[in-house]
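Asker: Input: one structure, supplied below.
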Amino acid sequence: MKLSDIAAKLDCRLEAPSDVEITGVAGLEEAQPGQIAFLANKRYTPLLRTTRASAVFVDDKVSVSRDPGQALLALVRSNNPYLAFARALELFYQAPTYTPGIHPSAVIAASAKIGANAHIGPHCFVDENVVIGKNAVLHSSVSIYRGAHIGDDFFAHSHTVVREFCRVGNRVILQNGAVIGADGLGFAKRKDGTWHKIVQSGPAVLEDDVEIQANSCIDRATVGETRIGHGTKIDDLVLIGHACSVGPDSMLCGQTGLAGSTTTGRGVIFAGQTASSGHLHVGEGTIVTAKSALPGDTPPHSIQSGSPAVDNKLWLRVTAAMNRLPDLVKRVRELEGELAALKAK
């Protein structure tokens, strides 16, 4: 595909001969002649001098100089180079398509309603009173429990589960092993120290354009519901506890855990291995940095770090002080020794 065509399709500005032929996309270090790469992080700017890519998506502020003997590097300007690169991938890679039909090994309840053009693969199970919209793909060994309602353009990869009475919106993607609506951790302690299981009656609700990635669990609620807002993306190995409500357009990265009844505003980001205690609210646009744990509510548009988490600027100062702590301890001991010597005189 001509580079000029790519730039036109993606509404980017081209700084290069327009007849460059592009055969694929790759990272800056791995790219070969004929491929297009991207620069979204300034720390990788030096790679522009040596990359073998024929073209690179860059923002308007980037200038490029090449090592002597290096081929001309075409620049494709965008105010969001990473997004442009992501859209370019779609021009070169077409995901597999699935022919409508129901595999003979699938079990579909007589009362289930399946929309037009659905593909239901081997060993899938669709229980009584399930409703699934048009263009659904249930890849293989997918289980949809009784009374679940699912919208259009649903894609469930193998070994995913949607439990009883859960509600799933349009264009939702479940990656392998995702479980929607399993029982939350609800138990009441008896006098003798044993546990009484509390019925988990409230469904999990996924709004439109949600994606849940591999082996993540969205627990159902004791009462009420657990809700994931529209456009939210949830990474592998994430647990959303019962009765949580995650705001729209949020992102929760791998190994995050939200304790029960956590609520968040729109556009929050939980980096990897983060957590929240229960019954707290995370303000709109908050970022929780990696390995941090929230003990309480956060204001909107804040950055939280540490365990227990505090404002990121305070955490940076504390971390800097921790690095100096051995020297401070040594100095205190020296001062104590000097003080003891003075007292001895």
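Asker: Which entries of Lys197/Lys291; Lys134/Lys291; Lys9/Lys113; Lys2/Lys42; Lys9/Lys233 have Cα-Cα distances beyond 29 Å here?
Answerer: Lys197/Lys291; Lys134/Lys291; Lys9/Lys113
Asker: Calculate the spin-label point distance for Ala290 paired with Ala40, positioning each point 7 Å from the Cα along the beta-carbon direction, and give it in nanometres.
Answerer: Between Ala40 and Ala290, the simple spin-label model gives 1.6 nm.
Asker: Limiting things to C-alpha atoms, what are the Rg and the maximum Cα-Cα separation (Dmax) for segment 160-308, in angstroms?
Answerer: Calculated on Cα positions, Rg and Dmax stand at 14.7, 48 Å.
Asker: Identify, among Phe187, Ala156, Val76, the residue whose Cα sits farthest towards the positive end of the charge dipole of the chain, taking +1 on the Cβ of Lys and Arg and -1 on the Cβ of Asp and Glu, with the dipole about the Cα centre.
Answerer: Working it through, the farthest residue towards the positive pole turns out to be Phe187.
Asker: Testing the spin-label approximation: label points 7 Å from Cα along Cα→Cβ at Asn323 and Val107. State their distance in nm.
Answerer: In this crude label model, Asn323 to Val107 measures out at 6.0 nm.
Asker: Give the Cα extents of segment 266-329 along the principal axes, in whole Å, largest first.
Answerer: 43, 20, 19
Asker: Another one. Explain nothing, just the number: relative contact order of segment 1-66, from Cα pairs under 8 Å at least 6 residues apart, as a whole percent. Don't jump to the answer; show the numbers that get you there.
Answerer: On the way: 95 pairs, mean separation 16.6, N = 66.
Relative contact order, segment 1-66: 25 percent.
Asker: Rank these for me by crowding, Val25, Val172, going from fewest to most other beta carbons within 10 Å.
Answerer: With the sparsest Cβ surroundings first, the list reads Val25, Val172.
Asker: Mean residue ellipticity at 222 nm from the helices of the chain, using -39,500 (n - 2.57) per DSSP H segment of n ≥ 4 over the full residue count, to the nearest 500 deg cm²/dmol?
Answerer: The helix-only estimate for the chain comes to -5000 deg cm²/dmol at 222 nm.
Asker: Suppose the chain between Arg333 and Ser201 were pulled fully straight at 0.36 nm per residue; how much longer would it get relative to their current alpha carbon spacing?
Answerer: 41.5 nm
Asker: Among His149, His196, His230, whose mean-square fluctuation peaks in a Gaussian network model of the chain (Cα, cutoff 10 Å)?
Answerer: Maximum among the listed residues: His196.
Asker: Rank these for me by crowding, Arg220, Arg227, Arg43, Arg49, going from fewest to most other beta carbons within 10 Å.
Answerer: Arg43, Arg49, Arg227, Arg220
Asker: Let me ask something else. First obtain the Kirkwood hydrodynamic radius of the chain from its Cα pairs, then insert it into the Stokes-Einstein equation at 10 °C and 1.306 mPa s, and state the resulting D in µm² per second as a whole number.
Answerer: The estimated diffusion coefficient comes to 67 µm²/s.
Asker: Okay, moving on. Which of Gly147, Gly24, Gly231 ends up with the largest GNM mean-square fluctuation for the chain, with Cα atoms connected below 10 Å?
Answerer: Between Gly147, Gly24, Gly231, it is Gly24 that shows the largest mean-square fluctuation.
Asker: Can you sort Thr264, Thr97, Thr319 so the residue with the fewest Cβ neighbours within 10 Å comes first?
Answerer: Neighbour counts put them in this order, fewest first: Thr97, Thr319, Thr264.
Quick note: the coordinates plus some simple rules give every number you see, no bench work behind them. Predicted model, so just to flag it, every value in this text is computed and none were measured. Every residue, glycine among them, receives a Cβ derived from its backbone with ideal geometry; neighbour counts consider all protein chains shown.
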